[in-house]
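Trainee: Have a look at this one.
Just so it is clear, none of the values below were taken in a lab; they were calculated from the coordinates. What you are looking at is a predicted structure, and each value in this text was computed from that prediction instead of being measured. We place every Cβ from the backbone using ideal geometry, glycine too, and count neighbours over all the protein chains shown.
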Amino acid sequence: MQTELAADDVWFPAVRFADGGPLLGGEVSYPLPSFLTADEALGLAQSADRLIAWATAMKMRAVARVEEAVAEEMPPRDGSQPMRFGGEEAHALAVTEVATACAVSEGSAAQSVNDAVELTTCQWEVLEAVEEGKISPAHARVILEQARSLPAAHHGEFSRIALLRTRTRQGRLRTAVELRTSLRRLRERLHPESLSSRKASARRERGVWFTPERDGMCTITAYLPAEAGLPIFNGLDRDARLASARAAEADTYQVPGTAAAPGSRTPPRTLPEYRADALAYRLLGGSSEGIGPFRPEVVVTIPVGQVLAGVPAAAPFAHEAGATGLRTAELQGYGPIDADTALRLAALAPNWHRLFTDFSTGQALGVGRTAYRPPQALLRYLHSRDGTCRFPGCARPARGCEVDHTIEWQDGGHTEPGNLALLCRRHHALKSIGAWSYEHLSHGGDLRWRSALGRTYSTGAADAGAVDRDAGRAETAEPASAAKPPVPPPF
Ligand SMILES: [Zn+2]
């Protein structure tokens with residue numbers, strides 16, 4: 001898309017859909033915002049919303065067509081091949097094509113494809129309302145989301161009433177949040193099943209998820225039956241309030257003369273902070289030493305050049321971070337962490353797995369045709385080099401991945417870094433059925449993928465590898481507990 005000033009009139013820059021190639025044509029003109037009154041500028045914002053709604057509807061129609069066309073263009077199935085993706089190969093292929101082409105996660109792409117298919121079939125009235133700018137894409141998402149929680153036979157009726165409810169009796173367009181509240185009530189009224197049978201199916205969606213965040217933090221989300229989640233939260237809250245009260249008490253009865261110097265005090269912890277500490281304490285025993293029900297299972301990668309810089313070999317991490325000059329470390333499955341934390345975790349490791357290998361190739365670790373399964377050292381190298389599944393955009397951590405021989409073993413492929421890559425089960429399957437393929441561009445783990453539709457995408461080695469390459473060598477610390485499988489929970 002290009003923005004150009006028309007030569008004869010600076011008030012009306014034109015948007016020409018040039019990058020869209022022959023698929024999107026025409027021009028959209030709008031007045032330069034800097035010359036508008038507040039009211040006119042507001043009107044322009046509304047018009048832009050209208051355009052976004054129209055473009056979203058167009059995108060949904062296109063995405064739905066991708067799935068349909070992929071199914072039409074797929075070669076007929078070879079009956080001897082095993083069934084993959086629950087027989088929904090076209091759907092799986094459409095999702096990966098949309099995810100890579102639009103640079104979104106496969107989760108978002110799958111949601112997009114599912115929404116698009118519904119909007120172009122049974123929910124066509126909702127799509128038309130978006131296309132005409134009567135409702136926003138956010139309203140449409142709320143309607144779909146609430147309708148889906150009803151049995152399919154009720155979707156049509158629900159959506160028709162829901163579209164009427166997008167406006168109040170006075171004709172004001174509700175916000176998406178207001179609409180959701182209103183539709184929840186409608187859903188309760190229309191739902192043909194009892195609450196207990198709904199609970200049974202909702203339980204099937206329970207889960208716990210891990211999301212890495214910035215600055216050495218992460219988010220753990222849990223979706224639980226309320227009777228399990230509420231007591232967990234209440235228990236943590238009780239712990240937090242007790243700890244907070246104890247801290248307040250200690251503050252009140254401080255021995256004279258022991259008070260911290262003004263300005264040096266850390267601000268008091270908030271209740272949410274105390275609850276977070278209580279959660280870690282309940283599960284890990286308050287420290288990383290593994291006295292709680294879970295033993296910490298972490299792998300830290302530290303460039304060996306930094307390790308050797310100023311630390312005695314016998315006690316590599318007895319020193320403060322400042323003394324070692326440690327700059328970067330990677331927590332496997334998370335990303336970069338601060339030096340203090342890395343050293344604290346590494347100090348718990350009773351032994352060190354040394355990856356004294358050239359990180360630009362790792363070639364010394366290859367075993368050629370002598371073994372199909374990569375030996376431990378090679379495996380550790382691959383985990384460090386790849387970090388995650390190597391499919392473009394996939395973030396599944398290395399520990400959940402399988403080792404793929406790029407050129408299959410039975411076709412003469414070697415067990416060496418230049419012919420191996422980590423793939424998650426789903427993307428391994430996409431490669432195995434021949435839908436997607438890849439080749440190694442270098443010995444350092446740069447791959448070029450080719451999609452089922454013939455589009456190409458490149459993926460490079462993980463950041464951990466880049467850190468390692470700085471120093472040329474790397475060491476990986478795995479606390480002893482990492483090697484043993486954790487005790488299975490009692491259910
Ligand atoms: Zn993957």
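Trainee: Once you have a ≥ b ≥ c as the square roots of the Cα gyration tensor eigenvalues for the stretch 109-160, tell me rounded if a/c is under 1.5, and otherwise prolate or oblate according to whether a/b is larger than b/c.
Mentor: Taking the square roots of the gyration eigenvalues as a ≥ b ≥ c, the stretch 109-160 is oblate.
Trainee: Let me ask something else about it. List, in order, the whole-Hz ³J(HN,Hα) value for each residue of the stretch 175-189 obtained from phi through the Karplus relation with A = 6.51, B = -1.76, C = 1.60 and θ = phi - 60°; use x for Gly and Pro.
Mentor: Once θ is set to phi - 60°, the couplings for the stretch 175-189 become 6, 4, 5, 4, 5, 4, 4, 5, 6, 4, 5, 4, 4, 4, 5 Hz.
Trainee: How long is the gain from Val177 to Ser149 if the chain were fully straight, where each residue apart is worth 0.36 nm and the alpha carbon distance is subtracted?
Mentor: 8.4 nm
Trainee: Determine the gain in length on full extension of the stretch Ala101-Glu128; use 0.36 nm per residue of separation and subtract their C-alpha separation, reporting nm with one decimal.
Mentor: Extra length available between Ala101 and Glu128 comes to 7.2 nm.
Trainee: Calculate one ³J(HN,Hα) per residue across the stretch 332-338 by plugging θ = phi - 60° into the Karplus curve 6.51 cos²θ - 1.76 cosθ + 1.60, and present them in order as whole Hz with x for glycine and proline.
Mentor: My calculation for the stretch 332-338 gives 4, x, 10, x, x, 10, 6 Hz in order.
Trainee: Also: Let's test the formula: R0 of 56 Å, r as the Cβ-Cβ distance of Leu186 and Leu242. What FRET efficiency results, to the nearest 0.05?
Mentor: E between Leu186 and Leu242, to the nearest 0.05, is 0.85.
Trainee: Determine the dipole magnitude for the stretch 363-472: charges of +1 sit on the beta-carbon of Lys and Arg, -1 on that of Asp and Glu, nothing else is charged, the reference point is the Cα centre, and the result goes in debye to the nearest 20.
Mentor: With only Lys, Arg, Asp and Glu charged at Cβ, the dipole is about 320 debye.
Trainee: What shape does the stretch 363-472 have by the C-alpha gyration tensor, where a ≥ b ≥ c are the square roots of the eigenvalues, rounded means a/c under 1.5, and otherwise prolate means a/b greater than b/c and oblate the rest?
Mentor: Oblate, since a/c reaches 1.5 and b/c is not below a/b.
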